[in-house]
1. Considering segment 167-205 alone, what residues qualify as being among the acidic types (Asp, Glu) and touching a Leu at 6+ places or on another chain (Cβ under 9 Å)?
2. Are any residues in segment 155-182 of a type in the set (Asp, Glu) and either outside any loop (DSSP other than H, G, I, E, B) or surrounded by 14 or more Cβ atoms within 10 Å (Cβ to Cβ) (or both), and if so, which ones?
3. Looking at (1) over 21 Å from the mean Cα position of the chain (by Cα); (2) in a helix (DSSP H, G or I); (3) of a type in the set (Ser, Thr, Tyr), which one does Tyr194 not meet, given that it meets all the others?
4. Of (1) more than 14 Å from the chain's Cα centre (by Cα); (2) at pLDDT 90 or above, Pro86 satisfies all except one. Which?
5. Can we say Arg181 is among the charged types (D, E, K, R), in contact (Cβ under 8 Å) with a residue 24 or more places away in the chain and in contact with a helix residue (DSSP H, G or I) (Cβ under 8 Å, 6 or more places away or on another chain)?
6. Looking at segment 119-138, which of its residues are touching a residue at least 12 places away in the same chain (Cβ under 8 Å) and open to solvent by 30 Å² or more (accessible area, probe 1.4 Å)?
7. Scan segment 125-154 for residues that are touching a His at 6+ places or on another chain (Cβ under 6 Å) and either more than 20 Å from Ile60 (Cβ to Cβ) or assigned to a loop (DSSP other than H, G, I, E, B) (or both) and jot them down.
Amino acid sequence: MAECITCGDYTKFNGGLCFSCHQRSKDISPAEAKYKQKESSTKTKNNGNNWTSNVIKGRIAETLIEELFRSLGFQVFSYGMENSIPGIKDLLKGVRGDVSNSIRQMPDFVIFKNNQAHFIEVKYRASGELKLSMIERYGKYPFENALFVLVTKKHIKCISYKELNEGKEITPNSKNYLGKRKEFETDKDMIIEYCKYAIQFFENVE
């Protein structure tokens, strides 16, 4: 869908203005109009770069956690939206509703060990924070048994959806370390090793 270069609303042509912005543009000088167009173009470009950067960081975090669980003896199965329903992401653009929201929120992995299975959602946050509002951007999270593994610049932490729903959260100073989760017979030395990898990858990014 073509978007207005000033406000992002619908317009008939790519690179053009919507009706409202076109009307307002008649009241400013040509020089000011040219500046606003350049500013809008730069903002759009930067937003695109930020989106790409976030996707890359998210995938690095997912790979890190996938390999960590494999090293801990778990079977790891990719489960997220693109893995379970290839191509669905493009089809869901602009689609709203309970089903589409549930698909978007599918956890990244299912892990299996000792006759126990867990949904795992991996997040990277430079801030070291994770709270319910960050998870429920598309509405109520439908996978109530999911565990959220947070990769930060210094730690790998974990919290359940149930805990988030009770008002608990991960902060930079919280002690929600993955190695303390009762759900896993984890090797803390192995987790520390993967924390070092996280520092190596993320120490110079936001």
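1. Across segment 167-205, the qualifying residues are Glu169, Glu183, Glu185, Asp187, Glu193.
2. Glu163, Glu169
3. Tyr194 satisfies all of (1) over 21 Å from the mean Cα position of the chain (by Cα); (2) in a helix (DSSP H, G or I); (3) of a type in the set (Ser, Thr, Tyr) except (1).
4. Unmet condition: (2).
5. On the way: among the charged types (D, E, K, R): yes; in contact (Cβ under 8 Å) with a residue 24 or more places away in the chain: yes; in contact with a helix residue (DSSP H, G or I) (Cβ under 8 Å, 6 or more places away or on another chain): no.
Spelling it out, it is not the case that Arg181 is among the charged types (D, E, K, R), in contact (Cβ under 8 Å) with a residue 24 or more places away in the chain and in contact with a helix residue (DSSP H, G or I) (Cβ under 8 Å, 6 or more places away or on another chain).
6. Kept after step one, since they are touching a residue at least 12 places away in the same chain (Cβ under 8 Å), are these residues of segment 119-138: 119-132, 135, 138.
Those that are touching a residue at least 12 places away in the same chain (Cβ under 8 Å) and open to solvent by 30 Å² or more (accessible area, probe 1.4 Å): Phe119, Lys123, Arg125, Ala126, Ser127, Glu129, Lys131, Leu132, Tyr138.
7. none
The values are calculated or read from the model by the stated rules, or taken from the named source; none is laboratory data. Only a predicted model underlies this, so the values are computations on that prediction, with no experimental measurement involved. With ideal geometry, Cβ positions are generated from the backbone for all residues, glycine too; neighbour counts draw on all protein chains shown. Remember, those area values only see protein heavy atoms, side chains included, never the ligands or the DNA or RNA. Shrake-Rupley method; radii C 1.70, N 1.55, O 1.52, S 1.80 Å.
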